Every structure is written in structure tokens, then in C-alpha cells.
Amino acid sequence: MDKSYQVIVIGAGAAGLMCGATAAAKGKKVLVLDHANKMAKKVLMSGGGRCNFTNLYVEPDNFLSHNPHFCKSALSRYTQWDFISLVEKHGIDYYEKTLGQLFCKTSSKEIRDLLQKECQHAGASIQLKCEVNTIEPIEPTEENPSRFKLTTNIGEVDCNSLVIATGGLSIPTMGATGFGYQVAQQFGHKIYPTRAGLTPLTFSGKQLEEFKSLAGNSIEAMVSCKDQSFKEAILFTHKGLSGPAILQISNYWLPGEPIHINLMPNVDIDSWLAKNRAGHPELSLKNCLAKVFSQAVASYFCQLLGINCKLKQLDHKQTAQVVELLANWTIYPSGLEGYRVAEVTLGGVDTSEISSKTFESKRQPGLFFIGEVLDVTGHLGGFNFQWAWASGHAAGSSL
Ligand SMILES: Cc1cc2nc3c(=O)[nH]c(=O)nc-3n(C[C@H](O)[C@H](O)[C@H](O)COP(=O)(O)OP(=O)(O)OC[C@H]3O[C@@H](n4cnc5c(N)ncnc54)[C@H](O)[C@@H]3O)c2cc1C
């Protein structure tokens, strides 16, 4: 490790490596450092080992932030098509799993290797197992234009531009820390309260016991909370509910609020029930529901309704109850599974004091924040990596 760099990036994850490679390709002397023993650990574990690296349908609406306009500039200047070209340049095979989500055919290691090769090719140095103890702003001089001095476990380094790319708090065992928030606070930035996002919902008491007995069953559903809805699978687990639709809604749900689930979102439920009743009057409600759900799930819903009769025996009130449950099953989770399993962290560095073009702090010249440490969080489906690539590229290009 040399002593002086034009650019130091703290965090060799998705955003930091993209930023380091982009700045180095412009001829800057760049060091990307990380306290972990491996780079891009979250890339490696992402997408079930196949990295859902972007999405074909990226829109600003796919991101949550207190300032919904902030993400627009970077996302439009480095798009999903730019990253797909890079993936193709590296000969990585990929496929669309569902809803525009692009995954590696072989392994997420290929995306890690892509980032490493881009850094190597551009001449960016990467230093792992490097802990930053202090960051001090210094007066640039004619001999040394550096604006920051860093003390680390392996010596002092200085740089003209310092990029914070340390990500959020999710999965501490993968190296996640609150370091980026501390740096932001050191330089007077406001932090929006952080909370775990894209995480399963937990339940307690009798409902938990019931869900446990259904663990492994999944349903294609429309899950809604406030004005947000997601039509994807829900999955019963030993702790409560998971599956893509539940992870998506966890970004919007707050404790105490109800979640509404349409269990047959592709069907006019009234007509479906009426048609079954006319065609199969002797069929039990349970066996009718078992045409759509597993036997266990069908039994559970009959139990919830307290109805166990033939379709022809359903009176008006019961028919309305069945339709209401199927169209609007309302649940009250007791909590979220939290940072241990969350894919992302909501909240973070307030973007109102960050340039949306360069990602430079408006408070401290030469200091930049990119990726998940910012108050920008994507939906499930490759959007969080696209934010890492886009913000990393925007900052790297401006350095
Ligand atoms: C299990 C899981 C699966 C996911 N799957 C997907 C997916 O398929 N598609 C998708 O779009 N998103 C996915 N995500 C989200 C995605 O991984 C993150 O949004 C993305 O990695 C954020 O990029 P980043 O560079 O900002 O932060 P990170 O990738 O988290 O990188 C931050 C880096 O900073 C380092 N660091 C932290 N603190 C310090 C410190 N004090 N000193 C030095 N270095 C430090 C860390 O070691 C890490 O290398 C997944 C997340 C998880 C947890």
C-alpha cells in the first residue's frame, strides 16, 4: 500500500469496486480498501449464489427514499443496459428468471470476478483486511493536494477524494458495519433512522404455530400494505411468512399495521366460487379450495372461516365470508426477522446534502457517499445492485 492516492474508496463491495474501476479507468490513482478478508461478499451470496445483478425494467419507482427524485440522475446515466453490456463483455451467461430479474447462469463468483478484473485492468489497487481507525480532513498544500488523512491498522494513507461505500447494516457476519453512518455524522450529515428491509415477517402465539404446520407451502398472491402491492409468491415458514411478495412488502410495513393478501389475484373470486357451486354442489369447501391451494392450506383457511360444509350448503353470509377471506386475508405480523437475514437496510445518509450528479457531499468537499449507505433502497429483483453500479459509476466518473 502506497502512502498517497488521488482516490480512496472505503468498501470493496458492489458500489465501491464499480467506483474504483471507473475512477482508475480515467487515470486516477485509486485504492479500494475493505476490512473483510474477501471482496464483494454480498455479491457472492446474492441471488442464492447466482447474483440477480440487475433488472430489465428499472424505474425510479422501484426505489424507496425520503427524496424519491435523488436516484433518477445516476440511474439514467448508467442503466441496466450498460451493466448488461459489461456482463456480456466478460462472457458471463445469464438468464431472466422472472419479472425482468437477470441472474448468472453459473455463479455469482462471475460478477465478483468481473469487478475484480475491471479494477485490475484499470489499475485500481485493492487492499483487504484494512481497518480504518480515523479520518481527518487536512489542508491541501502545493506538494501534497490530499484533503484526507486516514489511520488504519496497516499504516497511514492520504487522498484527495474519499468515497464511502461501506453499505448498510444487513448481515453483520458478512462484514456489514455502521461505519459509513459514523463518517457521515463526523462531517455533519443527517442520517435517516435505519431498519431492516427485504426481510421475512415474524408472527407469535397461535398464528405462529399454525404457520409452522404449513411451513414449505407457497401461494401466488397479491400482498398489500398502505398503497403498495406486490403480486408474487408468499411462503409459510417456521418463523412466519417469507417469499418474494412478503420480502417486498416488508420495506413498507411498520409494526402494528395490517397486511392484506389477495390469495387468488388472477381470478374473479365471486364468479369462481359461484361456478364451482353450480358445477360441483356436493364438493366440500375444503376440496374446492384444494383445487387452488395444497390440502393443508385449504384446511387451514376452512378452519379460519369456521366453515366445513358442501358448497351447496353455503348460505349468503358464509359465501361472503369465503370471498372476503380469499380476496382480503388480513394479517398482523409481530415483527421483522431483522438484520441477521435482511437483504438491505432502509434509511441511511440523507441525500439532500449529496449531489445527485457526482455523489459528493455538499458539506465536505472531496467526500463522496455511494451505494446502500445512502437513503436509497431498491425493491427485490436486482434493483439494489443496479443502484450500486449506477451510483458507483456516477461518482467514479466525476472524480
Ligand atoms: C443475502 C443477500 C442477497 C442479496 N441478493 C441481491 C440480489 O440478488 N440482487 C440485488 O440487487 N441485491 C441483492 N442484495 C442486496 C445487495 O447485496 C446490496 O444492496 C449491495 O451489495 C449494496 O452494495 P454496496 O457496495 O453499497 O454495499 P456492500 O456490497 O455491502 O459492500 C460494502 C463493503 O464495505 C465493507 N465495509 C463495511 N464496513 C467497513 C469498514 N468499517 N471498513 C472497511 N470496509 C467496510 C464491507 O466488508 C463490504 O465489502 C442482497 C443482499 C443480501 C444480504
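The values are calculated or read from the model by the stated rules, or taken from the named source; none is laboratory data. This one's a predicted model, so the numbers in the text were calculated from it and none came from an experiment. Cβ atoms come from the backbone with ideal geometry, glycine included; neighbour counts cover every protein chain shown. To get the accessible areas, we keep the full protein, side chains included, count just its heavy atoms, and leave off ligands, DNA and RNA. Shrake-Rupley method; radii C 1.70, N 1.55, O 1.52, S 1.80 Å.
Six or more apart or on different chains, Cβ under 7 Å: which pairs go from a residue in the stretch 26-54 that's touching a residue at least 12 places away in the same chain (Cβ under 8 Å) to one that's part of a strand (DSSP E or B) and within 6 Å of the ligand (Cβ to nearest atom)? Could you list them?
LEU33/ILE10; SER46/ASN52
Condition first: of a type in the set (Gly, Ala, Ser), surrounded by 15 or more Cβ atoms within 10 Å (Cβ to Cβ) and either touching a helix residue (DSSP H, G or I) at 6+ places or on another chain (Cβ under 7 Å) or part of a helix (DSSP H, G or I) (or both). Can you find one or more residues in the stretch 80-103 that meet it?
Among the residues of the stretch 80-103, not one is of a type in the set (Gly, Ala, Ser), surrounded by 15 or more Cβ atoms within 10 Å (Cβ to Cβ) and either touching a helix residue (DSSP H, G or I) at 6+ places or on another chain (Cβ under 7 Å) or part of a helix (DSSP H, G or I) (or both), which makes the answer no.
Mind telling me which of the residues ALA215, ALA165 ends up being open to solvent by less than 60 Å² (accessible area, probe 1.4 Å) and free of Cβ contacts under 8 Å to residues at least 24 places away in the same chain? Quick ask: steps written out before the conclusion?
Numbers: ALA165 fails: free of Cβ contacts under 8 Å to residues at least 24 places away in the same chain.
Just a single option satisfies the conditions, and that option is ALA215.
Within the stretch 118-151, how many residues turn out to be of a type outside the set (S, T, N, Q), within 16 Å of the ligand (Cβ to nearest atom) and closer than 20 Å to SER397 by Cβ?
Summing the residues that are of a type outside the set (S, T, N, Q), within 16 Å of the ligand (Cβ to nearest atom) and closer than 20 Å to SER397 by Cβ in the stretch 118-151 gives 4.
Could you please find all residues in the stretch 154-172 being within 32 Å of the chain's Cα centre (by Cα) and more than 10 Å from the ligand (Cβ to nearest atom)? Show your work before the answer.
Of all residues in the stretch 154-172, those within 32 Å of the chain's Cα centre (by Cα) come to 159-172.
Across the stretch 154-172, the qualifying residues are CYS159, ASN160, SER161, LEU162, VAL163.
Give the residues of the stretch 6-24 that are part of a strand (DSSP E or B) and crowded, with 24+ Cβ neighbours inside 10 Å, sorted by residue number. Lay out the reasoning, then the answer.
Applying the first criterion (part of a strand (DSSP E or B)) to the stretch 6-24 yields 6-10.
Of everything in the stretch 6-24, those that are part of a strand (DSSP E or B) and crowded, with 24+ Cβ neighbours inside 10 Å turn out to be VAL7, ILE8, VAL9, ILE10.
List, please: which pairs have Cβ atoms under 6 Å, are six or more places apart or on different chains, and start with a residue in the stretch 174-187 that is farther than 14 Å from LYS362 by Cα and within 10 Å of the ligand (Cβ to nearest atom) and end with one that is assigned to a loop (DSSP other than H, G, I, E, B) and among the polar types (S, T, N, Q)?
From the stretch 174-187, the pairs are ALA176/SER170; PHE179/THR166; GLY180/THR166.
Conditions first: (1) in a helix (DSSP H, G or I); (2) open to solvent by 20 Å² or more (accessible area, probe 1.4 Å); (3) within 14 Å of the ligand (Cβ to nearest atom). TRP389 passes all but one, so which condition is the exception?
Condition (2) is where TRP389 drops out.
Could we say that GLY338 is within 16 Å of the ligand (Cβ to nearest atom) and not in a loop (DSSP other than H, G, I, E, B) here? It would help to see each step written out before you state the result.
Numbers: within 16 Å of the ligand (Cβ to nearest atom): yes; not in a loop (DSSP other than H, G, I, E, B): no.
In short, no.
Has the stretch 44-53 got any residue that is over 25 Å from ILE164 (Cβ atoms) and aliphatic (A, V, I, L, M)?
No, the stretch 44-53 contains no residue that is over 25 Å from ILE164 (Cβ atoms) and aliphatic (A, V, I, L, M).
Residues being in a loop (DSSP other than H, G, I, E, B) and in contact with a strand residue (DSSP E or B) (Cβ under 9 Å, 6 or more places away or on another chain): count how many of those fall in the stretch 295-310. Give the derivation first.
To start, the set of residues in the stretch 295-310 that are in a loop (DSSP other than H, G, I, E, B) comprises 306-309.
Among the residues that remain, those that are also in contact with a strand residue (DSSP E or B) (Cβ under 9 Å, 6 or more places away or on another chain) are: 308-309.
So the answer is 2.
Condition first: surrounded by 20 or more Cβ atoms within 10 Å (Cβ to Cβ) and either away from the ligand (no atom under 12 Å from the Cβ) or without any contact (Cβ under 8 Å) to a residue 40 or more places away in the chain (or both). Now tell me which residues in the stretch 108-117 satisfy that.
Step one: list which residues in the stretch 108-117 are surrounded by 20 or more Cβ atoms within 10 Å (Cβ to Cβ), which gives 108, 110-112, 114-115.
Answer for the stretch 108-117, where residues must be surrounded by 20 or more Cβ atoms within 10 Å (Cβ to Cβ) and either away from the ligand (no atom under 12 Å from the Cβ) or without any contact (Cβ under 8 Å) to a residue 40 or more places away in the chain (or both): GLU110, LEU114.
Which of the residues that make up the stretch 255-293 are within 16 Å of TRP329 (Cα to Cα), open to solvent by less than 30 Å² (accessible area, probe 1.4 Å) and assigned to a helix (DSSP H, G or I)?
ILE269, LEU289
Can you confirm whether THR152 is at pLDDT below 95 and either assigned by TED's automatic domain parsing to the domain that holds ILE84 or of a type outside the set (Gly, Ala, Ser) (or both)? Step through it out loud before you land on a result.
Working: at pLDDT below 95: no; either assigned by TED's automatic domain parsing to the domain that holds ILE84 or of a type outside the set (Gly, Ala, Ser) (or both): yes.
Here the answer is no, as THR152 does not meet what is asked.
Kindly provide the set of residues from the stretch 340-367 that are open to solvent by 10 Å² or more (accessible area, probe 1.4 Å), within 13 Å of VAL183 (Cα to Cα) and out of contact with any His (no Cβ under 8 Å at 6 or more places or on another chain), ordered by number.
Once the filter is applied, which keeps residues that are open to solvent by 10 Å² or more (accessible area, probe 1.4 Å), within 13 Å of VAL183 (Cα to Cα) and out of contact with any His (no Cβ under 8 Å at 6 or more places or on another chain), the stretch 340-367 yields only GLN364.
Only one of LEU64, LEU75, LEU17 is within 12 Å of the ligand (Cβ to nearest atom) and closer than 17 Å to SER391 by Cβ. Can you tell me which?
Values: LEU64 fails: within 12 Å of the ligand (Cβ to nearest atom); LEU75 fails: within 12 Å of the ligand (Cβ to nearest atom).
Result: LEU17 is the single residue among LEU64, LEU75, LEU17 that is within 12 Å of the ligand (Cβ to nearest atom) and closer than 17 Å to SER391 by Cβ.
Taking only the stretch 12-44 into account, find how many residues are farther than 22 Å from CYS104 by Cβ, out of contact with any strand residue (DSSP E or B) (no Cβ under 7 Å at 6 or more places or on another chain) and small (Gly, Ala, Ser).
Summing the residues that are farther than 22 Å from CYS104 by Cβ, out of contact with any strand residue (DSSP E or B) (no Cβ under 7 Å at 6 or more places or on another chain) and small (Gly, Ala, Ser) in the stretch 12-44 gives 2.
Look at VAL58 and say whether it is part of a loop (DSSP other than H, G, I, E, B) and open to solvent by less than 30 Å² (accessible area, probe 1.4 Å). Spell out the reasoning first.
Values: part of a loop (DSSP other than H, G, I, E, B): yes; open to solvent by less than 30 Å² (accessible area, probe 1.4 Å): yes.
So VAL58 fits the description; yes.
Just give me the residues in the stretch 28-54 being open to solvent by less than 30 Å² (accessible area, probe 1.4 Å) and either within 19 Å of LYS357 (Cα to Cα) or more than 8 Å from the ligand (Cβ to nearest atom) (or both), in sequence order. I'd like the intermediate steps shown before the answer.
Quick first cut of the stretch 28-54, residues open to solvent by less than 30 Å² (accessible area, probe 1.4 Å) only: 30-34, 36, 39-40, 43, 46, 49, 51-54.
Answer for the stretch 28-54, where residues must be open to solvent by less than 30 Å² (accessible area, probe 1.4 Å) and either within 19 Å of LYS357 (Cα to Cα) or more than 8 Å from the ligand (Cβ to nearest atom) (or both): VAL30, LEU31, VAL32, GLY49.
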